[in-house]
Structures are given as structure tokens and as C-alpha cells.
1. For segment 97-190, state which trypsin sites (Lys or Arg not before Pro) are in a DSSP loop and have at most 12 other beta carbons lying within 10 Å of their beta carbon.
2. Can you tell me the alpha carbon radius of gyration of the chain divided by the globular rule-of-thumb value 2.2 N^0.38 Å?
3. For a bin width of 10 Å, list the pair-distance distribution of segment 1-140 built from all Cα-Cα distances, rounded to whole %.
4. Need one word for segment 62-202: rounded, prolate or oblate. Basis is the Cα gyration tensor (sqrt eigenvalues a ≥ b ≥ c); a/c below 1.5 gives rounded, then a/b vs b/c decides.
5. For segment 1-83, state what percent of all Cα-Cα pairs lands in each successive 10 Å bin, counting from 0 Å until the bin that includes the largest distance.
6. Using label points projected 7 Å from each Cα along Cα→Cβ, tell me how many nm separate E190 and R151, to one decimal.
7. Rounded to whole Hz and in sequence order, give me ³J(HN,Hα) for segment 60-73 from the Karplus expression 6.51 cos²θ - 1.76 cosθ + 1.60, θ = phi - 60°, writing x for Gly and Pro.
8. Give the Cα extents of segment 164-253 along the principal axes, in whole Å, largest first.
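What follows draws every value from the coordinates through simple rules; no lab data is involved. Values in this document were obtained by computation on a predicted structure and should not be read as measured data. So basically every Cβ, Gly included, is an ideal-geometry build from the backbone, and we count neighbours across all protein chains shown.
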Amino acid sequence: MKILVSNDDGYRAEGLAHLRAAMAELGEVTVVAPDRNRSGAGNSLTLDLPLRLLRAEAGVYYVAGTPTDCVHLALSGALPIAFEMVASGINDGANLGDDVLYSGTVAAAIEGRFLGLPTLAVSLCTSPGGPRHFATAARVARLLVAGLLARPLEASLILNVNVPDVPFEALAGFASTRLGFRHRSDPVIEARDPKGAAVYWIGPAGTGADAGPGTDFDAVARGWVSVTPLSIDLTRHAALPALAGWLQGLGTP
């Protein structure tokens with residue numbers, strides 16, 4: 001089994017080292033990750049500049065680009081390896097609810113699925129000053145990937161995995177969840193540059209709004225590993241008939 005590991009925290013990140021070690025128990029691992037933290041990069045591709053694939057050490061490469069760039073290069077001919085699985089993470093922080101729309105960790109997994117491979121994104125739900133149990137998330141990732149190898153799921157699925165920041169023995173188990181939804185993020189934070197001009201930091205993400213039973217928020221809060229099946233198709237199929245009727249009401253262009 002040839003496994004591609006990527007992330008959005010950069011190729012030197014602690015979580016990536018743990019994930020690489022866990023995947024090495026299941027197969028041959030190659031890392032292709034950003035050269036620095038690219039959290040929040042989403043599914044962006046670099047189209048206006050050429051990309052370099054640089055070798056840090058045996059089996060570890062980095063790219064001055066986004067997580068999506070990294071996976072795309074690795075699976076589209078930059079490496080002479082026939083990968084069979086993509087594992088992204090372990091992200092330093094949760095990717096719950098609408099976080100998945102911004103997350104570079106999830107985007108790396110999505111790109112792997114776009115290019116035909118089974119994928120999962122793993123995040124550790126850390127908090128400032130927390131214990132940072134990356135070893136727990138690594139064991140979880142190993143169990144899930146081993147399960148995917150033994151009993152493959154539907155080919156279109158991407159697994160978004162969020163792990164409580166607790167010792168492995170303290171986990172309640174695995175829970176199949178849906179995405180919740182956050183409250184609106186806090187306002188931007190204004191600061192000043194050395195010349196006195198205004199600059200802005202994006203405010204912290206909002207707390208869970210839709211965070212009740214069945215959601216990823218609720219599962220993690222109760223000590224369960226949240227496993228959410230994601231799909232690339234963003235179409236709201238149930239709304240198609242109503243939209244068709246609404247469009248007819250506009251008349252002929």
C-alpha cells in the first residue's frame with residue numbers, strides 16, 4: 001500500500017509527523033506538504049506561478065503552495081509513485097461544521113478524491129494550553145485507514161475525522177455524524193502597522209450554533225471521535241424543482 005500524506009500546517013508540523021508514523025505501519029508513506037502553515041487555504045490551486053517540489057529528506061517533499069497543490073502534484077505526475085490512499089492531517093485544531101469549507105486539511109483530502117483515491121482528513125480538537133494528544137489522533141487514523149483497506153466504503157466519500165484531545169483510552173468510541181454549523185465569526189481585529197496604517201486580523205471562528213445530537217460538534221464534546229462522510233457534489237438536489245419553477249416565472253430571455 002502506497003500512502004500519500006499531506007496537511008495544511010506545513011511539512012514540519014507535529015501532527016504530520018505523528019500521522020506519517022502511523023501510516024508507516026500500514027504501507028509505504030510519502031509526504032508532500034506545504035513549506036509553511038497554509039491553514040484556511042481551502043481548495044485553492046496555484047495557477048499563476050510554477051511550483052517546485054523540493055525534497056526535505058527521504059520520503060518527505062515540500063511545496064511553496066497550497067495543500068491542494070501538494071496533492072495535485074503528487075498524484076498528477078510529479079512523483080513516479082502509484083499512490084493508493086491519501087491521508088491528510090493531523091490538523092492542529094478542529095475542522096467541525098462549516099470549517100470544512102475553509103480547511104486546507106480537508107481540501108487536501110478532497111483533491112485526493114477528485115483524483116480517484118480513497119481519502120480522509122484527520123483533525124485533533126486542540127485548544128490553547130491543551131494537552132495536544134496527537135498520538136491519540138494518530139492511533140485513530142491508523143484504525144480508520146486499516147478499516148478502509150479491509151472494507152472499502154462508497155467510492156465518492158471523503159471522511160472528515162475530528163478527535164477529542166484526550167488520551168486514547170478516554171475516547172468514548174466512533175460516531176457517524178453530520179456537519180454542524182457555527183455562529184458568525186467574531187469581528188475582524190484592527191491593528192496598526194509600523195507606519196500607523198490600519199491592518200486587520202480575521203476574527204476567531206464562532207461557536208457551534210447547530211451543535212445538537214447527531215452533529216460533529218456534539219460528538220466531540222461528549223468524547224467521541226466524529227467521522228463525517230463528505231461528498232464533493234454541493235448541489236442541493238431537493239431544491240431543483242422549486243428553482244425550475246422560479247426560473248420559469250422569469251419569462252423567456
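1. R184
2. With N residues counted in the chain, Rg over 2.2 N^0.38 Å equals 1.08.
3. For segment 1-140, the binned pair fractions read 14, 49, 32, 5, 0 percent.
4. Details: a/c = 2.06, a/b = 1.32, b/c = 1.57.
Oblate, since a/c reaches 1.5 and b/c is not below a/b.
5. In whole percents, the pair-distance histogram is 20, 55, 24, 1.
6. If labels sit at E190 and R151, their model points lie 5.6 nm apart.
7. Here the 3J(HN,Hα) series is 10, 10, 9, 9, 7, x, 8, x, 4, 4, 4, 5, 4, 4 Hz.
8. 60, 53, 21
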